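All remarks here apply to the structure that follows.
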């Protein structure tokens, strides 16, 4: 028995020095710790000041929104094709189309914000006599057109979101009737429909 226990004692004794290699200082970093991936970012809530001293929101990045919208539209078109080919589910194709509609509304609102800022600037220049009435009227007309475009885009987005919510509710009810759904999912879908209906 002693000879059989000897190898176990030797293995245990060999393991002890390995434990002593761990750092004794708890603040000391170990090699296996990964580096921190979160970096400090500058404050993005920057408020700009106009020459007259009034605060002004940063101008929206219209070019970035245009690029995102074009990408979303292409994704929506390919989504419809992929659905017809049986590659993705219908709900995935619908979500791609809804994303494009939401970006359209976001772009229209960004253009309206730029038009408003331009009107404010032109108004200030007009008051100091830098520009004639015609230029101020042009800026005001551009803002009015942008407001109508934004209103139409938001109405389209709200309708699309409500239609998607109603369709989801119908699907959840069918799944529940087939025994594949849950009552909680139906209730959640109903709450979303009700919230969107009140919003509209």
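Taken together, the values in this text are just the output of simple stated rules run on the coordinates, not laboratory data. Remember, it's a predicted structure, so these values are computed and weren't measured experimentally.
Just to check, using Stokes-Einstein with a Kirkwood Rh over alpha carbon pairs, what's the diffusion coefficient of the range 60-195 at 4 °C and 1.567 mPa s in µm²/s? Show your work: numbers first, answer last.
Working: Rh = 17.8 Å.
Rounded, D is 73 µm²/s.
Report the full-extension gain for the segment residue 62 to residue 138: residue separation times 0.36 nm, less the Cα-Cα distance, to one decimal in nm. Could you put the intermediate results ahead of the total?
Working: separation 76, 0.36 × 76 = 27.36 nm, distance 2.05 nm.
Stretched out fully, the residue 62 to residue 138 stretch lengthens by 25.3 nm.
Length gain on complete extension for the stretch residue 170 to residue 95, per 0.36 nm per residue less the alpha carbon to alpha carbon distance? Could the numbers behind the result be given before it?
Numbers: separation 75, 0.36 × 75 = 27.00 nm, distance 1.61 nm.
Length gained, residue 170 through residue 95: 25.4 nm.
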